[in-house]
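Readers should treat all values here as calculations from the given coordinates under stated rules, not as data from a laboratory. The model shown is predicted, which means the values in this text are computed figures rather than measured ones. Quick reminder, even Gly has a Cβ in these numbers, built from the backbone with ideal geometry, and neighbours come from all protein chains shown.
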Amino acid sequence: MGIFWIGGLGGSAFAMNHSCVTVTVQPNSTVRIVHQYPFRRDQQEVHNERINRASVVESRDAEGDPHYFARAALIAGTHVDLYESHDRQSCESTCARFNQAVFGTSISAVAL
């Protein structure tokens, strides 16, 4: 029974520290980024001059397979992941749509 409680508390602590992210491109050249946690919401608005074009970032998962992120870096030094997948093409498509909406261009193939 104790193992059940330890697992439940550990899982709850893990879930409390992970957010659902919503990114909305506003018509006034700003991007609204909302991090929704179970009991709080962090929201920021970033003007398009304070955000870099989205690009695909490659990493490896626990099994060593490639894992991709469509990521936009903020000038402040942080970043927001727009999409993640094992399919690079899906991430490239997300980057292209984001860049088109924010900057009016679809350049997404930036080498990092």
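Dipole magnitude for the stretch 2-103: computed about the Cα centre from +1 point charges on Lys and Arg Cβ and -1 point charges on Asp and Glu Cβ, it is near 380 debye.
Applying the Karplus relation 6.51 cos²θ - 1.76 cosθ + 1.60 with θ = phi - 60° to the stretch 29-43 yields 3J(HN,Hα) values of 6, 10, 10, 9, 10, 10, 9, 9, 9, x, 10, 7, 9, 10, 10 Hz, where x marks Gly and Pro. Over 17 Å apart: what share of the alpha carbon pairs of the stretch 2-103 falls there, rounded to a whole percent? Tail fraction, whole percent: 61.
Here each label is just a point 7 Å from Cα along the line to Cβ, and for Asn28 and His79 those points are 3.0 nm apart. On the basis of the beta-carbon distance and an R0 of 41 Å, Phe39 and Glu63 show a calculated FRET efficiency of 0.75. Local charge for Ser59 was computed over the other residues whose Cβ lies under 13 Å away, with Lys and Arg +1 and Asp and Glu -1, and equals -3.
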